[in-house]
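S.K.: One structure, as structure tokens, below. Some questions next.
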Amino acid sequence: MAGVRTRYLLKALAIEKQKAPGLYADGGGLNFIVTNVGTKRWELRTTIEGRRRQLGLGIYPDVSLEAARCRADQIRRAGRQDQFQGRRVWNARPARGATFKEAFESFFALKGEQLSNAKHRQQWRATMETYVFPFLGHEPVRTITSAQVVKVLSPIWNLKSETAKRVLQRMQAVFEAAIVRGEREAASPTVGVTAALGLRKVAPKHYAALPYSDVPIFLDAVRRMNGGKAVLALEFLILTAARSGEVRGMTWAEVDLENAVWTLPPERMKARATHRVPSIPSRTCYPPETSAERRSQL
């Protein structure tokens with residue numbers, strides 16, 4: 001058994017502040033892992049009945065440093081006493097052999113509630129149904145390998161790089177949740193997949209932007225259009241730099257006419273924080289460098 005000096009290497013304050021992805025050892029096989037997507041979890045690497053095992057002990061901060069150490073000690077004692085009997089001592093639920101699709105449904109039952117955007121929820125499910133379920137949907141989540149994950153992503157890794165990246169991130173979230181629920185003992189098979197598939201350098205394609213000096217000209221052109229509410233909404237969007245969904249969903253209850261302030265509630269903001277947009281005096285002007293010829297083009 002490891003000595004005292006090789007145990008309890010981590011500090012509670014340090015892991016609370018730790019953000020850099022990596023594996024941080026506490027000693028005795030207990031590790032604190034920060035994933036590339038920011039998830040923090042506990043893992044115990046130990047030997048039970050002659051076999052090396054990697055056991056997920058929970059997500060931080062739901063499972064604290066002290067609780068993770070306690071769970072690790074329980075498992076070590078059970079392993080030495082041959083009382084493991086195919087299940088974790090801190091979770092008497094027997095392994096059910098859940099499929100990847102079932103693991104996704106269990107994970108998404110909670111994750112879906114956290115996504116306020118219906119389109120985003122649909123995209124999560126659509127990527128799984130299109131790219132993952134046909135190949136891994138009926139595979140036991142506990143036995144899926146990195147090679148199988150690579151096989152799923154290979155056809156789209158270079159062809160649809162952004163989609164492939166999102167599929168990999170979502171698969172990683174499902175596997176990590178399965179580890180926490182006790183449906184998988186090995187580490188996530190998404191680890192190392194990016195390195196195996198290789199990095200593709202793709203030049204970003206940006207939408208064409210209107211030069212800042214031409215914005216007043218464009219606003220004049222917008223104000224002369226006969227588009228009704230749509231034209232007014234477009235002008236309002238430009239002046240407030242708001243997202244289109246925020247403008248389209250605005251209600252009069254959010255507007256303080258007396259103080260000229262538009263206040264968006266947290267549930268309508270991506271950052272889930274109240275956002276205030278004060279009014280500024282509107283004036284149409286042209287920068288000195290804008291020629292009469294350029295103004296006449298719009």
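Since every read-out is calculated from the coordinates, none of them should be taken as a lab result. A quick note: this is a predicted structure, and the numbers were derived from the prediction, not measured. Because the Cβ atoms are built from the backbone with ideal geometry, glycine has one as well, and the counts that use them run over all protein chains shown.
S.K.: List the residues, sorted by chain then number, that are 5 or more residues from residue 58 or on another chain and whose placed amide H is less than 5 Å from its amide H.
M.R.: Here the answer is 42, since their amide H atoms fall under 5 Å of that of residue 58.
S.K.: Please list the non-local residues whose amide H lies under 5 Å from the amide H of residue 275, H modeled 1.01 Å from N, same-chain partners needing a gap of 5 or more.
M.R.: 264
S.K.: Rounded, prolate or oblate: which one fits segment 100-197, using the alpha carbon gyration tensor with axes a ≥ b ≥ c (rounded when a/c is under 1.5, else prolate when a/b beats b/c, else oblate)?
M.R.: Numbers: a/c = 1.72, a/b = 1.07, b/c = 1.62.
Oblate is the answer for segment 100-197, as a/c is 1.5 or above yet b/c matches or exceeds a/b.
S.K.: Take the cross-link list 19/151; 111/229; 11/40 and give me the ones stretching past 26 Å between alpha-carbons. Walk me through the numbers on the way to the answer.
M.R.: Details: 19/151 30 Å; 111/229 36 Å; 11/40 15 Å.
Checking Cα-Cα distances, 19/151; 111/229 exceed 26 Å.
S.K.: With an 8 Å cut-off on Cα pairs and a minimum separation of 6 or more residues, tell me the relative contact order of segment 4-80 in percent. Please list the in-between numbers first.
M.R.: On the way: 106 pairs, mean separation 15.2, N = 77.
Computed value for segment 4-80: 20 percent relative contact order.
S.K.: For the pair residue 18 and residue 45, what calculated FRET efficiency results from E = 1/(1 + (r/R0)^6), where r is the Cβ-Cβ distance and R0 = 22 Å, to the nearest 0.05?
M.R.: Working: r = 19 Å, r/R0 = 0.87.
Once the sixth-power term is evaluated, E becomes 0.70.
S.K.: Still on this model: Enumerate the amide H contacts of residue 30 below 5 Å, restricted to partners 5 or more residues apart or on another chain; note that Pro and chain-start residues carry no placed amide H.
M.R.: Under 5 Å from the amide H of residue 30: 45.
S.K.: Whole-Hz ³J(HN,Hα) for each residue in segment 138-152, computed from phi via Karplus 6.51 cos²θ - 1.76 cosθ + 1.60 with θ = phi - 60°, x for glycine and proline: what do you get?
M.R.: 9, 7, x, 5, 6, 10, 5, 10, 4, 4, 5, 5, 4, 5, 5
S.K.: Show me 182-190, 148-156 ranked by packing, highest mean number of other Cβ atoms within 10 Å first. Walk me through the numbers on the way to the answer.
M.R.: Details: 182-190: 21.3, 148-156: 17.1.
Packing proxy ranking, top to bottom: 182-190, 148-156.
S.K.: By its C-alpha gyration tensor, with a ≥ b ≥ c as the square roots of the eigenvalues, how is segment 4-80 shaped: rounded for a/c under 1.5, else prolate for a/b larger than b/c, else oblate? Can you show the working numbers first?
M.R.: Values: a/c = 1.95, a/b = 1.59, b/c = 1.22.
Verdict is prolate for segment 4-80.
S.K.: Which length gain, in nm to one decimal place, applies between residue 160 and residue 105 when the Cα-Cα distance is subtracted from 0.36 nm times their residue separation? Please report the intermediate quantities before stating the final value.
M.R.: Values: separation 55, 0.36 × 55 = 19.80 nm, distance 2.50 nm.
Result for the pair: 17.3 nm of gain on full extension.
S.K.: Among 26, 220, what is the fewest-to-most ranking by other Cβ atoms within 10 Å? All intermediate terms of the calculation are to be shown ahead of the outcome.
M.R.: Working: 26 21, 220 13.
Least to most surrounded, the residues fall as 220, 26.
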